[in-house]
Amino acid sequence: MKSVLKWIRRVLLVIVLVPVLALLAAWGYYRSVVGPKPGSLPLPVEPGALTAQVDPFIATGGFSWMCGHDTPAATTPLGMVRLCADTSSIYFNENGNNRSGYFYGDNKIIGFSHTRLVGADAYEGGIFRVFPTVESNVAQARKRDRATRFSHKEESGTPGFYAVRLPKEHVLAELTATPRVGVHRYTFDGNERPHILLDATSALGGKRCEFGTVKILPDAMELEGMAREQGSFSGRYGGLNAYFVARFDKPFQSYGTWSDDTFTPGSLEVTGDSAGADLTFEKPAGGPFVVELRVAISYVSIANARLNLEAEAAQRSFTEVATAARDAWEKQLSVIKVQGGTPREQRIFYTALYHAFVMPTIFTDVNGEYRGFDKEVHKAEGFQYYTDMSIWDTFRAVHPLYNLVAREEQRDMMVSLVEMVKAGGCLPRWPSGIGYTNCMFGTPADIAVTEAYLKGVRDFDIERAYQAMRETGLTGKPEGTRFAGREGLEWYLEYGYCPSDKMPESVACTLEFGWADHAISLLAKELGKEEDAKTFAKHAQFYKNVWNPNTLFFEERDSAGNFPTVRNPRVLTYTDFKRKYSRGYVEGSGWQWRWGVPYDPEGLVSLFPSKEYFVEELETYFKRTQKRVGWWNPGGYYWHGNEPFFHAAYLFNSAGRPDLTQKWARYVMENKYSDDYVGIDGNDDGGTMSAWYVLSALGFYPIAGTTRYEVGSPLFTEAVVRIGDKELKVVAENNSPKNIYVQRVSLNGTPIERTWFEHSEIAQGGTLTFVMGPEPAPRG
């Protein structure tokens, strides 16, 4: 009997130990992948003073569902082309762990594609994937499951440039870009014949392209073709046609095309849902073989792709293009110049500023043509047309940042939104490509457009924009539009809130509809529409109707006026699989949505029994935050990684405790951002998390849709902010890691005796001076 028991114990021990050892081995292998840091490969041009501060690998890894979804792609500010390695996972060859295509935790590359969204939890792009290989690998490389290993040890990146070595292929891949052209340079240093493959029907993350066409033009050393994208967003409006022209600087020794698993040597053209070309080059004996490739794209036509190529890259060498890309980023980053802080803080700051200008996407070709929401070709006269605007996120921080330091680009984006109204009937909330994606909810463009206009960005058709806001907010979306509008608007207007028995996400919708209504009321007043202003101001107060005075939380309320009897405000929507406790919220918990009224902070404070109680509860919320950056489960308390909640530190100001705004804003900057591959606390969402850091580091933070900035705690001893042709100098006297508390603030020598100031006060530049200290300033 004892021997049997001993045998059972041994079996149980093995059963326990084997999975534990397997997990430890898997974790050890993963650490060996993410442990090395890029930077060993030489750069074709030296970075400038500011681009040298940027690490494009920040926020490209972590837990995939909490990843920043940023990318080290070679691109120019707001460029159409974002050229980068697409990677696949260490165990299952799965691609798309990072929705932008490149995931820091992967160790295989499947090729180099030209487009992607940035920071967004959506698979879009990955078109016209290029893969360099050699004779012995080419048959496998033509298959969909191609992959080759790489290491971060042999990888480099800087704004406008990316490089990686593919050891199995004996290839150094270097990438740079113009706004509309991806420029490749491949150095083959092995002994085999080089091949370059171009897959016209590639896509990210298991999405697909269809109706691909590739045509080989040997005499011109070119390829041309197209495909229709069916991504997370483009698939929602029927697909997005993309066109390309690829030009090589070396002749083809031989060529062929493939479709599915069938390769046809000598073929000049192929069509289908799987379509690609295989080009072979003659390698000279006794030395490396270098071939350059320029791939221009267009969403209008092949002819326009060729125009883009000729205008931007045909006559310039790889090094000249890389130099121009660096210079474009150096100019873009120079809109804010900071002094002081630690090297880590400067690295995080300039990488965040960089991420804030990677997307939206220029959609016009060099001749001004673009395809609009009606799928027709239009000509942009006097502006650049932009798409891929994550407005539900970016209205909170990115567009306010643009209102300061990118006013011309912001104006063009506002014109673009109006053009979307003309072509599609409504202002969008997440426009991508040529259509409404209807991602998220509400009408956040109302807030972005209002704030731009109120802050003096005015060279666009505000009346057309306003009428679209008014119609969508009072009567609903017009007939024929593909925009979803405000789901539940009729009930919101009838009951003064969104009733939970008639629609899901009722609390979140009530609060965000109210924010949009507040912005519209301010715009209506500015435009002299007094009755409209009163109506929308009234609607903006509907948020109070879902406040439960017994629990002091925003909660679901049905059409009879009843609040739920079962509740748990700590539960996240992500972990409440049956939506028992969180049906009224979006991407959050009751605790997180409790603070969801940044546009009326004084009104929010008044809902609590006292200012002191408000402060106590808000401090509890912050103290219980998840301590790690980008952790797999953000928890139900303060979660910096999601936009509806990340203004919360600035609410202490309205409760008479600016010292706590200063304390927690500094805490978030220090603890919720890092300079490693994790980088940020959640999805960057088109640079929104990054823009929060940039603004907060300056020492003030906008209430989106208004002209008001809340005073925070500046991170640097000095920052010079270029506002149009003016300069605002932000000086923090006695600043240090310990001196985080603001003792007094002045603008051009005049004290600011409040915890906020107006945009008009800084619009003409000047000097904003903070005097800092180690203890909170005495409260008056």
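Assorted remarks:
- Within the range 30-44, at least one residue is under 30 Å from PHE131 (Cβ atoms), charged (D, E, K, R), open to solvent by 30 Å² or more (accessible area, probe 1.4 Å) and under 25 Å from the mean Cα position of the chain (by Cα).
- You will find that of GLY425, GLY435, GLY480, GLY456, the residue that is of a type in the set (Gly, Ala, Ser), surrounded by fewer than 23 Cβ atoms within 10 Å (Cβ to Cβ) and touching a residue at least 60 places away in the same chain (Cβ under 8 Å) is GLY456 and no other.
- Looking across the range 196-229, the residues that are buried (at least 24 other Cβ atoms within 10 Å of the Cβ), among the small types (Gly, Ala, Ser) and not in a strand (DSSP E or B) come down to ALA200, SER202, ALA203.
- Restricted to strands (runs of 3 or more DSSP E) entirely inside the range 90-160, those with at least 2 residues that are within 23 Å of ASP684 (Cα to Cα) and either among the basic types (Lys, Arg) or touching a strand residue (DSSP E or B) at 6+ places or on another chain (Cβ under 8 Å) (or both) are 108-113, 155-158.
- Residue in the range 510-521 that is crowded, with 16+ Cβ neighbours inside 10 Å, touching a residue at least 12 places away in the same chain (Cβ under 8 Å) and more than 28 Å from the chain's Cα centre (by Cα) present: yes
- Checked against (1) basic (Lys, Arg); (2) modelled with pLDDT of 95 or more; (3) over 18 Å from CYS498 (Cα atoms), ARG628 meets all criteria but (2).
- Top-ranked residue in the range 178-195 [being of a type in the set (D, E, K, R) and crowded, with 21+ Cβ neighbours inside 10 Å; ranked as farthest from the chain's Cα centre (by Cα)]: ARG185
Condition check ((1) basic (Lys, Arg); (2) assigned to a helix (DSSP H, G or I); (3) touching an Asp or Glu at 6+ places or on another chain (Cβ under 8 Å); (4) open to solvent by 10 Å² or more (accessible area, probe 1.4 Å)) across all residues:
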position	(1), (2), (3), (4)
LEU417	no, yes, no, no
CYS439	no, no, no, yes
GLY442	no, no, yes, no
THR450	no, yes, no, no
ARG464	yes, yes, no, yes
GLU471	no, yes, no, yes
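- Among the residues of the range 222-247, those that are more than 13 Å from ARG129 (Cβ to Cβ), touching an Asp or Glu at 6+ places or on another chain (Cβ under 7 Å) and hydrophobic (A, V, I, L, M, F, W, C) comprise PHE233, LEU240, VAL245.
- Only listed residue being free of Cβ contacts under 8 Å to residues at least 60 places away in the same chain, polar (S, T, N, Q) and within 27 Å of TYR495 (Cα to Cα), chosen from SER606, SER610: SER606
- Members of the range 161-175 found to be open to solvent by 10 Å² or more (accessible area, probe 1.4 Å) and assigned to a strand (DSSP E or B), listed by number: ARG165, LEU172, GLU174
The values are calculated or read from the model by the stated rules, or taken from the named source; none is laboratory data. Fair warning: this is a prediction, and the values are worked out from it, not measured in the lab. Every residue, glycine among them, receives a Cβ derived from its backbone with ideal geometry; neighbour counts consider all protein chains shown. Quick note on the areas: whole protein, heavy atoms, side chains included, nothing else; ligands and nucleic acids left out. Shrake-Rupley method; radii C 1.70, N 1.55, O 1.52, S 1.80 Å.
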